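Q: This is the structure I have questions about; it appears just below.
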Amino acid sequence: MAESEGVVVGNGTQVSYIGQDCKKIPEFLGRKYGNIAKRLDLSFNLLKSLEGLETFSGLEELILDNNLLGNDLQLPRLPHLHTLTLNKNQISELENLLDHLSEVVPALEYLSLLGNTACPNELVCKDKDEGDYQRYRYFVLHKLAKLKFLDSRKVSKTEREEAIVRGAFMKIVKPMDTKVSTDGASISPQMNYTPLPSGSRDLTNHRGVLGKCRYVYYGKHSEGNRFIRDDQL
């Protein structure tokens, strides 16, 4: 397969390199598109490292779903990045990741970690429940206060306020009693928690991109990226 196959560029700023089984970011991508790319999709590859991403200094959206990225993940400083999805990787340590993101992507507003051990998704981990997931949200929002959207759900005013007051203590340490306490960390029945966007409950399908975009790329392993519509925000 030629190097350029699988790459789709829309308007010169939308770059996709999906399902190519690459173990590192191809050098030609940075050489050809690094200076102009605003959105980069590297989903469904075998990436364990993001070496070479520093070439894409102007990125605003980065999609890294379905790779092999772990706790040693290192992003270069991307001052304009507002959307980052890391669904279905191998991230198990949450705090180190969030501290790293707060340093290198200060403009981040949309983040998704579904399908990682660090994200207590009850549809994937049967020993997790809604309380675990809500505590996780408070902790993430404590670390990344500018987030507007986390995983499949918009950040509410109540969540933001709770994160300020209690987020530092919400490291997903579940008490022995399976009942969710009434100290403010419980979930309101009106919240109707769902960890995945509507129509995307099968985690084997790639639909996890957050944010708004007019471009959709269909790769050989992908059913396309699903973006949150304006009327869902």
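Q: Divide, for the range 73-161, the radius of gyration over alpha carbons by 2.2 N^0.38 Å, where N is the residue count. List each step's numbers first, then the result.
A: Numbers: Rg = 12.4 Å, N = 89, 2.2 N^0.38 = 12.1 Å.
The range 73-161 yields a ratio of 1.03.
Q: What full-extension length gain, to one decimal in nm, is calculated for Ser57 and Ile36 as 0.36 nm per residue of separation minus the Cα-Cα distance?
A: Length gained between Ser57 and Ile36: 6.7 nm.
Q: Next up: Over 18 Å apart: what share of the alpha carbon pairs of the range 26-85 falls there, rounded to a whole percent?
A: Within the range 26-85, distances greater than 18 Å cover 27 percent of Cα pairs.
Q: Can I ask one more? Would you please give the FRET efficiency between Thr158 and Leu68, computed as 1/(1 + (r/R0)^6) with r the Cβ-Cβ distance and R0 = 45 Å, to the nearest 0.05?
A: On the way: r = 36 Å, r/R0 = 0.80.
The value I calculate is 0.80.
Q: Take peptides 60-66, 152-158 and line them up by average Cβ neighbours within 10 Å, highest first, as a rough protection proxy.
A: 60-66, 152-158
None of the figures in this text is laboratory data; all of them are computed from the coordinates on show. These figures come from a predicted structure and were not determined experimentally. Reconstructed Cβ throughout: ideal geometry from the backbone, glycine too, with neighbour counts over all protein chains shown.
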